[in-house]
Amino acid sequence: MGRQESRRAANARKRMSRRPSRLGTPAGSTAKPDRVADPDAGFPGLLRQVWRRAERTEDLRAALDVLLTLDGHVPADVQLRALNSAQEAALTALRGAATARADSGPSGNPGSVGGAGASGSGAGASGSGGAVRRAAEAGVAGAVAASGPADSEPSAPESAVRADLGQSGAADSAGGADTPGDRVADAAVAADVVFVGEVGLAANGRVALRVPGGRPLDPRDLVGGVRRVPYDRAALDAYRRELGRVRERNAARAADCRAWLAGQGTEGRRALLDQALEAAVRTAPFVLYQEDTQYTNFRERNTLTGKTLWPGHPDCALGALRDLPLDLWTDQDTQLVVCLTLLIRSAGFGRVEEANGTQLTVDHVAYTLERVRRAYAAVPGVAPVPAAASHRVADLDRLAVALRERRREVSGHAQLYREIHGALMHKVERVAAAPGPAARAREDAVAAHLRARLPMSGRTLADLGRELAAAPGWLAAPHGAFGTGLESLVHETVAASADAFAADFAMSRGMRSLPDLVRALRGENWAAICDWDITHFFCCVVPRPEAAAHFGGSRAALADAAWAMSSRMSYNSWHFVAGNLPREPEVVARDHFVPPVIPDVAYFSDQHHHGHVNNNVRFSVRSPQPVEVDGRRFDGFMDLRLLRCAGEPFGEQDVLAAHRVSGFVARATSLAAALVAAGTGLEVTAFDSDWHWTAVTGTGPAAPGALAGPDRRAS
């Protein structure tokens, strides 16, 4: 990309800040940061908020609703499937003991999806509208009770917690004062209570339960205090029976997993381990459980190869099994490998994230596969896949393979997308309905903007795409304020999308030099492509002026946020591009993710990802698209992203419309790549830090040392 820069010049450039408001100043030279970390920002703050609401809720059933949904932030079925065997047995027993009382009481409705989490009250539902609540309700209503009879049809585990448990316990106060909940518990003890358990909220977001015979919950593991849960003699007997049944079922599942793995042989098991290890390295963070054993590639407590544990690290739970005889594998490790295999065989590595935050058990995998099977079967024109004959691994394996094959057919009849619940990083594959008036209105608004700004006259996005394909030459020529028509098209489409979707920010990414890519592909110079840094990629970010309200009213701060997003999206392009190359040694060694191929909609993403927390990325839509370059398909080469910092979340119709818009940009990029392959020069030079400063603030380049407005907290 131009004359080779000297090492000295490159190093000097890297020592300078690229933040729009600090261009021309040495990086890290300011007297104090202009962002101060807010202790209540992100996931820890959410958990504190959830516990405060749960401890103020008089009815224990309603308090459990708050905890299970994290006050409306996630579907309750995710938390229910995170319970270990003893906790699962305890809730089932309490449900059975309390059903009669609940049915006769004024609030008895075991099947309802009420409570604070689903009602929309509380901070969790603030600004979330009906979409998140509907998502939570759908998750609860369709969940599988792992405690149900072996190989039975799915049942709803929410019934285990919706029944009134007969108590209004409250959290212990920090000072040990006598609370109404304590007095109620004391009165209950005087009656027929034989054990007083506890419910709390763990620092990892899971509901924590003290079960009969268990030690008190450790306050060091909890967000706040505990609420008391009394067990009478009937509940205790029910717990004993249920726990025995659950343990018997788990033993049978573990034995079946072990037998199935034995049938794979030594080399077959190694291949499955290698596949699971690859999934851990090439996918987004996940956190899985087997009873109280945590398996994760996420941040500090890694137990699987990922960003912290390098491939081959002795602490990786999967890597440690490679040369270990099967009879020395624990039951937890055995089921982990089998369940990961089933999930991957059903849809690739991405399916693993659909188990995020839950117990990775055979029965829960069976539930996931059955949910997918039913969703595919509902698509017109697609023959249904038969249900699994049982929950035995062999039957589930056949179902997983059949679903993966049917998934390709489904994609030709309906749009698949993923629903992401950011608080627990849990993802669910959905099949979208047909586009309706809302989606068409979004598309029409974008098309009208493009007709007014670009040399095109088509009435719809499809018309504009055909018109562009018929005469693509202007994409390589200057247009308006841009050096190429492609740059102008990307910018105008992003700007139009920000307005049409009422987004605070809209953005689209790509590669700066298509000629460099074509030359590298023709020379099969995979190492060169892998060596490119993020400056070889771009992302055009357009905020609406109203978004400055989320950044202290400062346009300078808004420009900094836009550039931070642009840099991160350029990193995403860098992270995905290698996933499209042959598995040569330099490609395998290069850090990369499997490129995304279907769109997604995310709720409450401002929880874990530091950039999302700092820049208020709460609700978003992402629509990745493939681009063809010199005969090679690059999945996830570009995308369109929309985000809102507050207010209503995006919905399914937004996803469908955004995917049509991103498809238009992808088609233009493929046409530009074809021009380059035929010998036309085309470089993207816009969308750097200077550009974002000028575009957002409406002024010339920032003066050295310009501040991004008043000190503000990252929230």
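The values are calculated or read from the model by the stated rules, or taken from the named source; none is laboratory data. Please read all numbers here as calculations on a predicted model, not as lab measurements. Virtual Cβ from ideal backbone geometry, glycine too; neighbours counted across all protein chains shown. When the accessible area is computed, the model is the full protein with side chains, heavy atoms only, and any ligands, DNA or RNA have been set aside. Shrake-Rupley method; radii C 1.70, N 1.55, O 1.52, S 1.80 Å.
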Round to a whole number: what % of the accessible area of segment 480-555 belongs to carbon and sulfur, probe 1.4 Å? 49
I need the shape label for segment 418-573. Rule: rounded when a/c is under 1.5, else prolate if a/b > b/c, else oblate, with a, b, c from the alpha carbon gyration tensor. rounded
With the full set of protein chains in place, find how many percent of the accessible area of segment 270-366 is carbon and sulfur; take the probe as 1.4 Å. 53
Can you give me the pair-distance distribution of segment 483-541, C-alpha pairs, 5 Å bins, whole percents? 4, 16, 22, 17, 14, 13, 8, 5, 1
Dimensions of segment 327-467 along principal axes (Cα, Å, largest first)? 69, 35, 22
Tell me which residues come under 5 Å, amide H to amide H, from Asp232 once H is placed; ignore anything under 5 positions away on its chain. Val194
Kirkwood hydrodynamic radius, segment 613-679, all distinct C-alpha pairs: what's the number in Å? 13.3
Using a 1.4 angstrom probe and counting only protein chains, how large is the accessible area of Arg568 in Å², to 10? 100
Probe 1.4 Å, all chains present, heavy atoms only: Thr699 accessible area in Å², nearest 10, is 60
Taking the full set of protein chains and a 1.4 angstrom probe, give the accessible area of Cys316 in square angstrom, rounded to the nearest 10. 0
Output wanted: per-residue J couplings in Hz (rounded whole) for segment 544-555, from phi through Karplus 6.51 cos²θ - 1.76 cosθ + 1.60, θ = phi - 60°, x for Gly and Pro. 6, x, 5, 5, 4, 4, 7, 10, x, x, 9, 5
Place the peptides 426-437, 551-562, 605-616 in order of packing, highest mean first, counting for every residue the other Cβ atoms within 10 Å and averaging per peptide. 551-562, 605-616, 426-437
Going residue by residue through segment 284-290, the Karplus relation 6.51 cos²θ - 1.76 cosθ + 1.60 with θ = phi - 60° gives ³J(HN,Hα) values, rounded to whole Hz and with x marking Gly or Pro, of 5, x, 9, 10, 10, 10, 10
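Using the C-alpha atoms of segment 490-638, what convex hull volume per residue, in cubic angstrom, is computed?
116
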Simple spin-label estimate for Thr308 and Ala445 in nanometres, 7 Å along Cα-Cβ: 4.3
Residue-by-residue Karplus 3J(HN,Hα) for segment 336-348, coefficients 6.51, -1.76, 1.60, Hz, glycine and proline x: 4, 5, 5, 5, 4, 4, 5, 5, 5, 5, 7, 6, x
Suppose all protein chains stay in the model; what accessible area per residue would a 1.4 Å probe give for segment 489-570, in Å²? 30
I'd like the distance separating the alpha-carbon centroids of segment 229-290 and segment 606-656, in whole Å. 34
Going by accessible area, probe 1.4 Å, with all protein chains left in place, what is the ranking of Asp591, Asp192, largest first? Asp192, Asp591
Segment 300-318 versus segment 419-491: alpha-carbon centroid distance in Å: 41
Which whole-number percent gives the relative contact order of segment 541-688, counting Cα pairs below 8 Å spaced six or more residues apart? 19
